[in-house]
Amino acid sequence: MGRFPFFGTKHDMPYIDGHLSLSLSVPCIFSTMGPAISPRLLLPATTSDRVSFHATIRSGVDRPNVIRIFKRNPYAAASAEMKAAVDFGDPDWKDKYEHEFEKRFNIPHMTDFFSDAESYPSTFCLRMRTPVSEDFAQGYPSDEEWQGYIDTNDRVLLKVIRFSSPRSAGAECIDPDCTWVEQWIHRAGPREKIFFKPENVKAAIVTCGGLCPGLNDVIRQIVITLEIYGVKKIVGVPFGYRGFGKEFAEIPLTRKVVQNVHLSGGSLLGVSRGGPNVTEIVDSMQERGINMLFVLGGNGTHAGANAVHNECRKRGFKVAVVGVPKTIDNDILLMDKTFGFDTAVEEAQRAINSAYIEAHSAYRGVGVVKLMGRSSGFIAMQAALASGQIDICLIPEVPFELHGPHGVLKHLKYLLETKGSAVICVAEGAGQNFVEKTNAKDASGNVVYGDIGVHIQQEIKKYFKEIGDPADVKYIDPTYMIRACRANASDGILCTVLGQNAVHGAFGGYSGITVGICNTHYVYLPIPEVISYPRTVDPNSRMWHRCLTSTGQPDFI
């Protein structure tokens, strides 16, 4: 995921107000702070240094007291008040911290901006199925109150583990004593009161960025839920934000149109990167009469949605702008997972199994599989765990050396001597220090990466040729096959619920929010909090340790 092109470098993820975030493990207490809320040591950043590093001390059998430098993301930018170190000497620090967290995660509501915003009884009621008529006034008639609504004060707990020690694997602590601090976020779902009359709504859906399994599932469910509320005017904006240009026509959407779109991959509306600026987008929305906008995309797309939300508020334009996070890499902050990820991991098994068969069938065979993951290695890590066929897993968060006594190639030589074959799984963003920089960017502002998979393949061939040992190397890149496939059952369910809750949030009067799943519950989050940084694999997490146990790989530093 990258930046939305016209919002400038302030959305570059590793930065906080133009500073590079650097967390040091010892003796600084901040190394154990929760990623979404930790104060950070701020050091000036150079334009060429675009990553933050987290130093942790690891001891090896043959390399005692080696300092490992991990590319680690502090996850979320704190607000200005939260950046300063917490005064733990203040007996009320915990209450103050919880209060500040609550302020940060409060979600924008219609009534915050429009004092005359009027509410109506909800037209969403699954007990009475009477259709909403053109002369809608008081919603569905019912003799008894339906108990299916979410109270506006319902909250979901963000963190559920109470760590007893900062030394616990994956520990996220606020203070040196790992004090339990409650962090609550808004529960998603239908509200008893709505802030739009369905007959006055014109809803638009837009899909931005690259393809991802499940896009059509989300589109379908948004349309179906809007119709249940009684909305008659629903359109799709073609080809991402570009579709707001005057040369593109809207795509009318109804349940009949979208009924079977989830049976195929891709996006019914098309996707693209880049597009008009914020002013032009909001101008187009006003001209078209759009007052509900559902935006499906990643961090850059959400940055655009948040800018559109702010511009609408600045103009006094009553619009609900709701995001649905879409990234196949699973790198959206604070969420259990994003749609498309489970499908990607499942489809990656086919490529890994093919690489295994090729390698296992050849004399001293090596299979190399490159999977998606620009800044995070979740797909590679989970695919390695799921397959049980991976010997080496390389991800962006954990640096490695190819050559040298502890490099990947040395371990590969050992594997061929002992096992006769080996399979390597590498995320696309891993090892970019080994490949030539392209100095190119795509339309979203993402740096175009060099092909680490091809580089590793070539280095393996070169290495074994130089030492005089044969190696039969096969390289597989299933990227576009995975992106274009249909969502599996797990993602299909996730997409369904995300689409429904996006509509509930819009009718509930919320804007500038995104919907996600947190600790198995569906929640609404303010967009700025989830686009502060991409979510990354914590090299000290139990999941990464499980992956290392599965592959049996050593440190490659």
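For this structure, a couple of remarks:
- Residue-wise HN-Hα couplings along the range 546-557, as the Karplus relation 6.51 cos²θ - 1.76 cosθ + 1.60 with θ = phi - 60° gives them from phi, are 5, 5, 4, 5, 5, 7, x, 7, x, 5, 9, 10 Hz; Gly and Pro carry x.
- Estimated vicinal HN-Hα couplings, Hz - the range 348-361 in sequence order (Karplus 6.51, -1.76, 1.60; Gly, Pro = x): 4, 4, 5, 5, 5, 5, 5, 5, 5, 5, 4, 5, 5, 8
- Summarising the overall dimensions of the range 243-289 from its C-alpha atoms, the Rg and Dmax are 13.2, 36 angstrom.
- Largest-first principal axis extents of the Cα set of the range 392-489 (Å): 45, 37, 22
- Table column - 3J(HN,Hα) (Hz), the range 215-227, Karplus curve with 6.51, -1.76, 1.60, x for Gly and Pro: 4, 5, 5, 5, 4, 4, 6, 4, 4, 4, 5, 4, 5
- Alpha-carbon gyration tensor eigenvalues x 5, square-rooted, for the range 177-331, Å: 24, 20, 19
- Working from label points 7 Å from Cα in the Cα-to-Cβ sense, the ASP442 to ARG155 distance is 3.8 nm.
- Computed on the Cα atoms alone, the convex hull of the range 450-547 gives a volume of 196 cubic angstrom per residue.
- Difference of contour (0.36 nm per residue) and Cα-Cα distance, LYS419 to GLU247: 56.0 nm
- Taking amide hydrogens as placed 1.01 Å from N in the peptide plane, the amide H of GLY323 sits under 5 Å from those of VAL295, ILE513, THR514, VAL515, each at least 5 positions away in sequence or on another chain.
- Summing charges over neighbours of ILE205, with a neighbour being any other residue whose Cβ is under 14 Å away from its Cβ, gives +3 when K and R count +1 and D and E count -1.
- Amide H contacts under 5 Å for ALA188: TYR522, VAL523, TYR524, restricted to partners 5 or more places along the chain or on a different chain, H placed in the peptide plane at 1.01 Å from N.
- Amide H contacts under 5 Å for ASN488, placed H, 5+ residues apart: THR343
- Computed on the Cα trace of the range 248-385, the radius of gyration divided by the Kirkwood hydrodynamic radius gives Rg/Rh = 1.11.
- Debye-formula intensities of the range 514-557, expressed as log10 I(q)/I(0) at q = 0.25, 0.26, 0.27 Å⁻¹, are -0.92, -0.95, -0.99 (one equal scatterer per alpha-carbon, no solvent).
- Beta bridges from DSSP with both residues in the range 350-449: antiparallel share about 10 percent, rounded to the nearest 5.
- Kirkwood Rh and Cα Rg combined as Rg over Rh, evaluated for the range 380-438: 0.99
- For the range 201-273, the calculated P(r) over all alpha carbon pairs, in 5 Å bins from 0 to the bin holding the longest distance, is 3, 19, 28, 25, 17, 7, 0 percent.
Bear in mind that the values in this text are calculations on the coordinates, not laboratory data. For clarity, every value in this text was computed on a predicted model and none was experimentally measured. Neighbour counts run over all protein chains shown; Cβ positions are idealised from the backbone, glycine included.
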